[in-house]
Amino acid sequence: MRIVILGSGRVGSHVANDLVGKGHTIVIIDENERKFKNIIDNTAVSCIHGNIFDDTIFVKAFSEKTDFFVVVTGNDNINLMAAQFIQKKYNIKEVIIRIFDYELADVYKKDFGLSVICPTRYAISELTHLLEKGI
């Protein structure tokens, strides 16, 4: 599969490294070129330095059929805007987005048809579970 990842921080770079090790083709985009240092050197990984909202960047990233678009920057607003824009422009059916705001996670999933991962919700659930076990 061909997977485009927006955000090369801890999550994006680790996902890219794991997936390329399983034989997938990865394109990873980040405005901060230094974050690419965490990407393993592999011809199946293309690192694109730049802003996703720059025409030349998204044309380069989505020039071939893309199976998944994964959006994991540290900014919920950028994640949502990029996910919606690219999903519509390139008709990508599988878009996975990380959202920290647990109250909006369901809205984005229901209203925009995105697959949403909310680490905040997961942390709240786990903490509550652990605390209740100890009470």
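The values are calculated or read from the model by the stated rules, or taken from the named source; none is laboratory data. This one's a predicted model, so the numbers in the text were calculated from it and none came from an experiment. Glycine also receives a Cβ, built like all others from the backbone with ideal geometry; neighbour counts cover every protein chain displayed. Only protein heavy atoms, including side chains, enter the accessible area calculation; ligands, DNA and RNA are left aside. Shrake-Rupley method; radii C 1.70, N 1.55, O 1.52, S 1.80 Å.
Residues that are of a type outside the set (Lys, Arg), at pLDDT below 90 and over 17 Å from VAL4 (Cβ atoms) do not occur anywhere in region 42-54.
Residues of region 94-135 that are touching an Asp or Glu at 6+ places or on another chain (Cβ under 9 Å), open to solvent by 40 Å² or more (accessible area, probe 1.4 Å) and within 26 Å of LYS60 (Cβ to Cβ): GLU94, SER115. When residues in region 74-130 are screened for being in a strand (DSSP E or B) and among the hydrophobic types (A, V, I, L, M, F, W, C), 5 of them pass. Report yes if ILE92 is under 22 Å from THR25 (Cα atoms), modelled with pLDDT of 90 or more and touching a Ser or Thr at 6+ places or on another chain (Cβ under 7 Å), otherwise no. Against the criterion (under 22 Å from THR25 (Cα atoms), modelled with pLDDT of 90 or more and touching a Ser or Thr at 6+ places or on another chain (Cβ under 7 Å)), ILE92 qualifies. Selection of region 47-74 for residues being farther than 21 Å from ASN91 by Cβ, surrounded by fewer than 17 Cβ atoms within 10 Å (Cβ to Cβ) and among the polar types (S, T, N, Q) yields only ASN51. Taken as a whole, region 61-71 holds at least one residue that is part of a helix (DSSP H, G or I) and either out of contact with any Pro (no Cβ under 9 Å at 6 or more places or on another chain) or not β-branched (Val, Ile, Thr) (or both). Summed over region 1-39, residues that are open to solvent by 50 Å² or more (accessible area, probe 1.4 Å) and free of Cβ contacts under 8 Å to residues at least 24 places away in the same chain total 8.
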